[in-house]
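Comments concern the structure below.
None of the figures in this text is laboratory data; all of them are computed from the coordinates on show. Keep in mind that what you see is a predicted model, and the values were worked out from it rather than measured. Here the Cβ positions follow ideal geometry from the backbone for every residue, glycine too, while neighbour counts run over all protein chains shown.
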Amino acid sequence: MISTYKVVPLEKLANSERSAIKIGPFGSQLKKEDLTTSGIHVVGIENILNDQFDGLGNRYISQEKFSTLKSFEIRPGDILITMMGTIGEVGIVPDGIKTSIMDSHLLRFRPNTKICTPEYVKWLIKESAATKQVLHGKAHGAIMKGLNSSIVKKLPAPLPIVSEQKHIVSILNKIDSIRIKRDEYNVKFDELLSAIFYKFFGDPATNPMAWTYKPLGEVCIQKPQYGANASSKNFSKGEPRYVRITDINEQGRLRQDEKRGIDLADWDEYKLIDGDLLFARSGATVGKTYLYRNVDGLCVYAGYLIRFRTDPNKILPRFLFALTRTPYYKAWVTSKKRVAAQPNINGQEYSSFRIPVPPIDLQKKFTVIYKVLENIEICKETKDEKIKDLFLNVVYKAFSGELTSKWRTEHAKELLAETREQEMLLNCGKD
């Protein structure tokens, strides 16, 4: 991307504090035994993904421990970047947050607000094509991708003046509101699916229809199978798509952006067939599930996912997937995941998950309705792709300078002094 703006390393946008760019506490700095049930909140990836800080997460440290980790405290206006697994997601610490620190999977970026706004930097890191290319191109790790502070510091940052940044953010927020409405539709779709499931089978937590319950492992035709321990590579048509945790969205469907291939010649044992159900075994999204369907094309799956293949005479795949969308399943995940640096549920533990086993004919009737909804969802996804293309076009223009070129020309005289001040601040490297 060719930008009309001055492009600087992202570190130039940080304030002058020594620890303005800092990764959370590693290793012995914060151990599992340091965690308590109340006190100073430990913020992690889940808070960024849900854009919620206070009230989400159950990891805390004592005031005494906080005194040794105070350099990892987060403050309103700080930008937090996810550095492991789901990389490159960005959150801004809100006003009024209770005293909190970040964990080792986050990086804190404290901006110099005289030359940039937190909202602009968030959009830049999260959506700029040039920035994302560097982030994902330099991330390391075969299966669970990770970043380091050196990569983040060197990210290319097109830098308009603050007035123009605010104008850009205003436009992007308006366009993004369309995407938010589509996300709200997805939530309603999930709610409809859940309502139909409860109508057929009742609440699995209370079992009002008195179904027999069996461990998941007993209704499958093979043992749980872990995915490939292989790196990803550029995706090519005719080769399988490599499904990783980060490729699965909150609705349990495959994201259509940034498809990756697998860097492995002998991948056949990891090939998915219609009805395979994948469970995420590690990371902030442990418990996430994905149901493979033939319409998703040729796919194989990565090592942080576990495959279960049900016996069609006992449990139908769409019934099981719908079950994993219920509060019953989510409560089970919460009770089972081992909370340390990285939450985890292994194949044996997933096999122990107790599921209701309704008559197969009833499951078939549910599946017929489910597939009708599925077809509606596929049509909606086509429209989503058009909205996405529109959004990407606007984002490209935003960071190239094309989006606000007319505005910049119309306000050239009053922006001249601000441009000179920004240049001075960049040259002297001070607040």
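Data for the structure
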{"item": "Selection from 230, 240, 344, by position along the positive dipole direction of the range 212-357 (Cβ)", "result": "344"}
{"item": "Cβ-placed point charges (K, R +1; D, E -1), dipole of the range 212-357 about Cα centre in debye, nearest 20", "result": "480 debye"}
{"item": "For 314, 31, order by how many other beta-carbon atoms lie within 10 Å, fewest first", "result": "31, 314"}
{"item": "Proximal charge balance of residue 30 [Cβ under 11 Å; K/R count +1, D/E count -1]", "result": "+1"}
{"item": "Convex hull of Cα atoms in the range 165-256, direction-averaged projection (nm²)", "result": "11.4 nm²"}
{"item": "Residue exposure sequence - 190, 311 - by fewest surrounding Cβ within 10 Å", "result": "311, 190"}
{"item": "Exposure proxy ranking, count of Cβ atoms within 10 Å, fewest first, for 247, 95", "result": "95, 247"}
{"item": "Point-to-point label distance, residue 11-residue 365, nm (Cα→Cβ direction, 7 Å offset)", "result": "6.6 nm"}
{"item": "Check: the chain dipole with +1 on Lys, Arg Cβ and -1 on Asp, Glu Cβ, in debye", "result": "300 debye"}
{"item": "Mean Cα-pair separation over length for the chain, i.e. relative contact order, pairs under 8 Å, 6 or more apart, %", "result": "18 percent"}
{"item": "Residue-count net charge about residue 363 - beta-carbon cut-off 11 Å; Lys, Arg +1, Asp, Glu -1", "result": "+3"}
{"item": "Entries of 237/371; 12/406; 188/365; 174/199; 271/364; 114/406 with Cα pairs more than 29 Å apart", "result": "174/199"}
{"item": "Furthest towards positive pole of dipole, 106, 13, 56, structure part the range 9-155, Cβ charges", "result": "13"}
{"item": "Solvent-free Debye scattering, log10 I(q)/I(0), computed from the Cα coordinates of the chain at q = 0.08, 0.09, 0.14 Å⁻¹", "result": "-0.52, -0.65, -1.38"}
